[in-house]
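Take a look at the structure set out below.
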Amino acid sequence: AQSVTQLGSHVSVSEGALVLLRCNYSSSVPPYLFWYVQYPNQGLQLLLKYTSAATLVKGINDFEAEFKKSETSFHLTKPSAHMSDAAEYFCAVRAYTQGGSEKLVFGKGTKLTVNP
Amino acid sequence: DAGITQSPRHKVTETGTPVTLRCHQTENHRYMYWYRQDPGHGLRLIHYSYGVKDTDKGEVSDGYSVSRSKTEDFLLTLESATSSQTSVYFCAIKQGIADTQYFGPGTRLTVL
């Protein structure tokens, strides 16, 4: 079964510092992996996705993530944090229902705080 | 923007009452999903639909039913609301490369 573990429910960084949000996955098939961001009182917005092409994936707002099969990881990074990056971030892996349809399995989320 | 709207956006109801949440999409997507979001749990799949009148259960389907009588609308019904169903409910559609899911704005439901 597919699953995702996000290490650290809360991460705090200073403005301008590197952002690193950790995600490890478990999958019995080649995974499709996603990062979503949720700003306060809003829905989830897709940041980036890995679909078995390039292992370094670039997304919106200068975020990127690297797929590392040997480490079963898909960590999200951004070189320089902005105040506007404060949000909750979710890692997800594509999985399958008992009926054979696709679904997403989400991690529990990491709340990012950016300090001035 | 995948053209998804949810209604109502906020609802407060009492234990034991039925509640229906609506998800509406304008782009003819085949797959639609209902998730609930709770602190410390991320998002969990309640039900999904793979076409008109074709629905199936997710991992937290107890106490919920769904209906899809036309492509654009996917309804989630809490037949007898309980306090444990206080949550934020998100609808999603699947489209595009890697069958990516896109989410609606959410409905915040409080059951007193």
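Database remark: amide H of B:Leu43 closer than 5 angstrom to the amide H of A:Phe106 (H placed geometrically; neighbours at sequence offset of 5 or more, or on other chains; Pro and chain starts carry no H).
So which GluC sites (Glu not before Pro) in region A:16-116 end up in coil per DSSP with only 14 or fewer other C-beta atoms within 10 Å? Walk me through the intermediate numbers first.
On the way: sites: A:Glu64, A:Glu66, A:Glu71, A:Glu88, A:Glu102; in loops: A:Glu71.
In loop regions of region A:16-116 (DSSP not H, G, I, E or B), the sparsely surrounded GluC sites (Glu not before Pro) are A:Glu71.
The 3J(HN,Hα) values that the Karplus relation (6.51, -1.76, 1.60; θ = phi - 60°) gives for region B:25-30 are, in residue order, 10, 10, 10, 6, 6, 6 Hz. Gly and Pro appear as x.
How would you classify chain A from its alpha-carbon gyration tensor, with a ≥ b ≥ c the square roots of the eigenvalues: rounded for a/c under 1.5, else prolate if a/b is greater than b/c, otherwise oblate? Because a/c hits 1.5 or more and a/b exceeds b/c, chain A counts as prolate.
May I ask you to evaluate 6.51 cos²θ - 1.76 cosθ + 1.60, the Karplus curve with θ = phi - 60°, for each residue of region A:20-35 and list the ³J(HN,Hα) values in order in whole Hz, giving x for glycine and proline? Result, rounded to whole Hz: 9, 10, 9, 9, 10, 10, 10, 8, 8, 10, x, x, 9, 10, 9, 10. In a DSSP loop and with at most 12 other Cβ atoms within 10 Å, the trypsin sites (Lys or Arg not before Pro) in region A:16-116 are A:Lys69. For B:Ala81, the residues 5 or more places off, or on other chains, whose built amide H falls under 5 Å of its own are B:Gly16, B:Thr17, B:Val19.
Only Lys, Arg, Asp and Glu carry charge here, each on its Cβ (+1 for the first two, -1 for the last two); on that basis region B:1-102 has a dipole of about 100 debye about its Cα centre. Taken about its Cα centre, the protein assembly as shown carries a charge dipole of about 160 debye when Lys and Arg each add +1 at the Cβ and Asp and Glu each add -1 at the Cβ.
Which whole-number value in Å³ per residue fits the convex hull of the alpha carbons of the protein assembly as shown? Write down the numbers at each step before the final one.
Values: hull volume 26.5 nm³, N = 228.
Per-residue hull volume (Cα only) is 116 Å³.
The ranking of B:His24, B:His29, A:His82 from fewest to most other beta carbons within 10 Å of each one's beta carbon is A:His82, B:His24, B:His29.
Each residue of region B:58-75 was assigned a 3J(HN,Hα) from its phi angle through the Karplus expression (A = 6.51, B = -1.76, C = 1.60, θ = phi - 60°), giving x, 7, 10, 8, 4, x, 10, 9, 9, 8, 9, 8, 8, 4, 7, 10, 10, 9 Hz with x at Gly and Pro.
Computed about its Cα centre, the charge dipole of region B:52-111 is approximately 140 debye, with only Lys, Arg, Asp and Glu carrying charge at their Cβ. Can you tell me how region B:33-112 classifies by the Cα gyration tensor, rounded, prolate or oblate, using a/c under 1.5 as the rounded cut? Since a/c reaches 1.5 but b/c is at least a/b, the shape of region B:33-112 is classed as oblate.
Bear in mind that the values in this text are calculations on the coordinates, not laboratory data. As the structure is a prediction and not an experimental result, all values here were calculated from the model. When we count neighbours, we look across all protein chains shown, and the Cβ atoms used for this are built from the backbone with ideal geometry, even at glycine.
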